[in-house]
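Each remark here refers to the structure printed beneath this line.
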Amino acid sequence: MHRKKITITDVAKAAGVSIATVSRVVNHVDRVEPSVAKRVREAMYTLGYVPKKTNHPNAVIALVVPSLENPFFSLVVEGILSRANIEGETLLVFSSEGSAVQEKKNLHKAAKLGVDGLLFCPLSDTSASLLPALFAISTPVVIIYRHDYCDFASHIYYDNEMGGYLATKYLLKAGHRQIAFFASFWGDKPSDLLNFHDRRLMGSYSSLDRLKGYQNALEEYGVTVHRELLCSTGYTYESGYAMTRHFLSSLCDFTAIICCNDSVAAGVLQALREQNIEVPRQVSVIGYDASFLSDITRPSLSSIHQDPKVLGRTAFDQLQARRSGEGKADVILKPNLVIKSSTGQCENKEQRPSYDGKTGQ
């Protein structure tokens, strides 16, 4: 038995509006009362109705990423380009440069150009309300590396909660109980991670998903989450270095640090080295991404592996499916832990890591 095809008439009936109103919402032809537009979008989502967008030669797709300086997103772009080049599509790449203001400008530019599709990796939840305001619901949108961001888009992301869990459980099995967690954020950094964890649209922050995995693993082992072991930092080597020096000066007891990318972890390793803190004998360190940095740091860096090129290629394929009226379901990719030299068994130390307050050269 074939499933009944959902039509614009079905959507109009479910939303309690006219077919013309649904058409205006779909095509962004005229302004519709926000509450009515929301009801129409919810009806479309519930019924599984995806408007078809006619494909045409020389289609233009916009891609908005947080930063091109970040190796992870540079490789995501390469993965998308590899598919776009094969398909003969034009890709406009916008970098938000770590700024929410620039991100909004990029979305406005893409909307003004009337692009045939949008691939978007948000910095945070600050632009979520812009998408339905700027883009017709008939414009295919795929959200990259975030989840539960936009009700008329599909999402493709790595399971960051699993990544945080894998890193933490590995350290727990190695005997560590005082595990610091360095959560990375673009722009403003929260002062209280546990309260920030309850923020609406939590899926807009990969660090919060990883923090949840960290908490789940600690709970599984009966270990209390200590606020003093949770730190907010950026995504750069410099931010990891600076946060480690600040963290050491707080005199917290710790035997391991989980970082939210390999660049931050490289900064952590340098700051620990300057204080003559041996890795992994005194402190174990885990990064995230399993990038080229995990091979060239000394010691080599244990890290959560996720493939940004696969993410990019799959995101492009998902957008093409949306343009054909399919592909609404989210796609979740699974990370794995790569063990190298920066982690080891927790020893019963008489001396915890200490900070001498001097600046390393």
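The values are calculated or read from the model by the stated rules, or taken from the named source; none is laboratory data. Model, not experiment: these values are computed from the prediction. Reconstructed Cβ throughout: ideal geometry from the backbone, glycine too, with neighbour counts over all protein chains shown. Protein only, heavy atoms only, side chains kept; ligands, DNA and RNA dropped before computing areas. Shrake-Rupley method; radii C 1.70, N 1.55, O 1.52, S 1.80 Å.
Below are the figures for this structure:
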quantity	calculated
Flag for L92 being in a strand (DSSP E or B), among the hydrophobic types (A, V, I, L, M, F, W, C) and either in contact with a helix residue (DSSP H, G or I) (Cβ under 8 Å, 6 or more places away or on another chain) or modelled with pLDDT under 95 (or both)	yes
Pairs, first touching a residue at least 12 places away in the same chain (Cβ under 8 Å) in the range 240-256, second charged (D, E, K, R), C-beta under 6 Å, six or more apart	C252/E228; D253/R352
Positions within the range 297-345 being part of a loop (DSSP other than H, G, I, E, B) and within 30 Å of I137 (Cβ to Cβ), in sequence order	S324, G325, E326, G327, K328, A329, D330
Hits in the range 188-239 (condition: assigned to a helix (DSSP H, G or I), more than 11 Å from C260 (Cβ to Cβ) and of a type in the set (A, V, I, L, M))	L193, L194, M202, A217, L218, L229
From the options T236, T297, residue that is free of Cβ contacts under 8 Å to residues at least 40 places away in the same chain and either on the phi < 0 side of the Ramachandran plot or not hydroxyl-bearing (S, T, Y) (or both)	T236
Hits in the range 2-31 (condition: over 21 Å from G325 (Cα atoms) and either modelled with pLDDT under 75 or surrounded by fewer than 17 Cβ atoms within 10 Å (Cβ to Cβ) (or both))	G16, S18, D30, R31
Yes/no for L107 being under 25 Å from K189 (Cα atoms), modelled with pLDDT under 95 and open to solvent by less than 40 Å² (accessible area, probe 1.4 Å)	no
Subset of the range 240-262 that is hydroxyl-bearing (S, T, Y) and either in a loop (DSSP other than H, G, I, E, B) or within 18 Å of F73 (Cα to Cα) (or both) - its residue that is most open to solvent (accessible area, probe 1.4 Å)	S250
Long-range neighbours under 6 Å by Cβ, at least six apart or interchain, first residue modelled with pLDDT of 95 or more within the range 264-287, second surrounded by 18 or more Cβ atoms within 10 Å (Cβ to Cβ) and among the acidic types (D, E)	G287/D262
Flag for V115 being hydrophobic (A, V, I, L, M, F, W, C) and either open to solvent by less than 20 Å² (accessible area, probe 1.4 Å) or in a helix (DSSP H, G or I) (or both)	yes
